[in-house]
Structure formats: structure tokens, C-alpha cells
């Protein structure tokens, strides 16, 4: 169990969260500006919904709360994600995010960790986004990584 340590220590079955927060209009506007989403619905100062890709910040909230030590001895590499949008993410409404590590395995000299995340409204538990995220936590050559011996 990595809860309270590093993201590189996450194990299958670890549960991160729930973490409650409110998505502010300021965060939506700044994020949309940074990723060049210049549509008025995100930039006019009164956004009602967050861009779907803002779910990445929810994942980072989970890591920050569950693994305050950071990435650990090696950096985390974001490999792939798949998000399903069930409903728009409302602004200025209490939300909660929860994640479960569903897979940790070694493939081609790299250690992969897969987490399934759900973003919901805090008040009525309405599902907004499901998010499957894959990261690499270590690879051959990383300090402390188990070295293979030549046969």
C-alpha cells in the first residue's frame, strides 16, 4: 500500500480518496487559456462547465492527498488515458474524486500502473466522468529498479 508515501509505490487495490473540492471559474478560465481553448463558454468570465480534459487535475489532487511524498525515486510518466464524459462538470459545485489502482505490471522493462477514477458531484453522488489512466512509475535503469541478471 502506497497511501501516504509515493506514487511509484502504488499497488493494485489501493484506493485513493475520496477528495472533495470545488471547481472554480478562475481555474476553468486559466486552464482553458493554457490549453488554447478560446471558446467563449470557457473564457467569458462566467463559465458554467469545465473542459472535460480538466479531469487530469482531479487525478493530481488524488496523488497529492494520498501520496504526499510525490513521485518517489523516479518520475511518473503519463502514458495513456481514456475518459468517458457522462455529464458536464459544473463550476462552483462541490465535487468529489476517487481512484482505485486496478493494475500494476511489468511490460518490456517498464512498470505500468493503471488507475480507474470517478469524478462525481458531492451532494447527490451523480457520476460526471470515468477516467482510466496509465502511468509508468519505473523502468530498467532507474535507481532501485530490480536488475535482470544475464542467463
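The values are calculated or read from the model by the stated rules, or taken from the named source; none is laboratory data. Bear in mind that the values here come from a model prediction, so they are computed numbers and not experimental data. Because the Cβ atoms are built from the backbone with ideal geometry, glycine has one as well, and the counts that use them run over all protein chains shown.
Details
- Exactly one residue among 18, 68 is assigned to a loop (DSSP other than H, G, I, E, B), at negative phi and in contact (Cβ under 8 Å) with a residue 24 or more places away in the chain, and that residue is 68.
- Within the range 98-137, being within 20 Å of residue 64 (Cα to Cα) and not in a strand (DSSP E or B) holds for one residue alone: 122.
- Identity of the residue in the range 65-95, within 29 Å of residue 24 (Cβ to Cβ) and crowded, with 18+ Cβ neighbours inside 10 Å, that ends up modelled with the highest pLDDT: 95
- Cβ-Cβ under 6 Å pairs, at least 6 apart or on other chains, the range 80-109 side free of Cβ contacts under 8 Å to residues at least 12 places away in the same chain, far side assigned to a strand (DSSP E or B): 105/112
- Any hit, the range 28-48, residues being under 24 Å from residue 126 (Cα atoms) and part of a strand (DSSP E or B): no
- Count - residues of the range 38-55 that are without any contact (Cβ under 8 Å) to a residue 24 or more places away in the chain and surrounded by fewer than 16 Cβ atoms within 10 Å (Cβ to Cβ): 8
- Test: residue in the range 13-21 that is farther than 16 Å from residue 119 by Cβ and modelled with pLDDT of 80 or more: yes
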